[in-house]
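> Pasting a structure below so you can have a look.
The values are calculated or read from the model by the stated rules, or taken from the named source; none is laboratory data. None of the values given here were measured: they were computed from a predicted structure. In case anyone asks, the SASA skips ligands and DNA or RNA and just uses the protein heavy atoms, side chains included. Shrake-Rupley method; radii C 1.70, N 1.55, O 1.52, S 1.80 Å.
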Amino acid sequence: MGKIKELLSLIFTLEIAISFILSTYHIHSQVLFILDYIAILYFTFETLYNFYKAKNKKEFFKDIYNIIDTIVIVAFILYTLNIFYSKVLVNLRLINLIRILVLLRIIKIRKIEKYPEVINFLTLLILCFISSCFIWVFEGEVNPEINNFFDAFYFTTISITTVGYGDITPKTEAGKLIIIFSVLLFISGIITSIQKALRGEDGNP
């Protein structure tokens, strides 16, 4: 049962990511919306089931993944209630973007926990992916150099990895803050890895 749940989580997570990417190319279809809805329904039932089975309800919300799942579920409820869009304070594009946080579920899959190099790669990939989504939301309409998700992903990746060719630059304050935060997060991850390696060489846990 655990393997089936992990497989379903992976499939639905990838579906949401692909659906978001296609939306940046202005590809919208009823099929994608239905698949999105099924995916979020699955995550909703899974979260409610895990909450019901949790012995300590307070401890349940100390798990960052459970918090993310709850945020995604609430965001999608707002996303589907068209009648309330004019009254919701959060922009529709941001509500749509929040769904991408579900990508963090991939790191939760038990099978890959045995391979730290895979975890590192996926962590960097997801960081670039989520940052790219934010860049596209804030820069897509005002930056002529960012016309789709690939443009945003290219710019974010070379910025986070500090390559920085300079062919694309952020035009908004939000875009600049996203890149600054992403680069700092990336660098802090490298420093943390180095510190862990040094502690290991010293024989400390």
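> Quick check: with the 1.4 Å probe, what order do TYR25, TYR42 take by accessible area, largest first?
Largest accessible area first, the list is TYR25, TYR42.
> Also, I was wondering about something else. Probe radius 1.4 Å, ligands and nucleic acids ignored: give me the carbon and sulfur share of the accessible area of region 1-54 as a rounded percent.
Ligands and nucleic acids excluded, carbon and sulfur give 78 percent.
> Determine the order of ARG105, ARG99 by accessible area, beginning with the largest, at a probe radius of 1.4 Å.
Working: ARG105 30, ARG99 5 Å².
The ranking, largest first, comes out as ARG105, ARG99.
> Is there a pair in LYS62/LYS171; LYS62/LYS176; LYS55/LYS196; LYS5/LYS55; LYS5/LYS58 whose C-alpha atoms are over 28 Å apart, and which pairs would that be?
LYS62/LYS171; LYS62/LYS176; LYS55/LYS196
> Taking a 1.4 Å probe, which of GLU141, GLU117 shows the most accessible area, and what order do the others take after it? Walk me through the intermediate numbers first.
On the way: GLU141 145, GLU117 110 Å².
Descending accessible area places them as GLU141, GLU117.
> When every alpha-carbon pair in region 119-160 is counted, what percent end up more than 17 Å apart?
Value for region 119-160: 24 percent of Cα pairs lie more than 17 Å apart.
> Provide the solvent-accessible area of PHE43, counting protein heavy atoms only and rolling a 1.4 Å probe, rounded to the nearest 10 Å².
0
> Averaged per residue, what accessible area in Å² does region 6-76 show with a 1.4 Å probe, protein chains only?
61
> In addition: If ligands, DNA and RNA are left out, what is the accessible area of GLU145 with a 1.4 Å probe, given in Å² to the nearest 10?
Roughly 70 Å² of GLU145 is accessible to a 1.4 Å probe.
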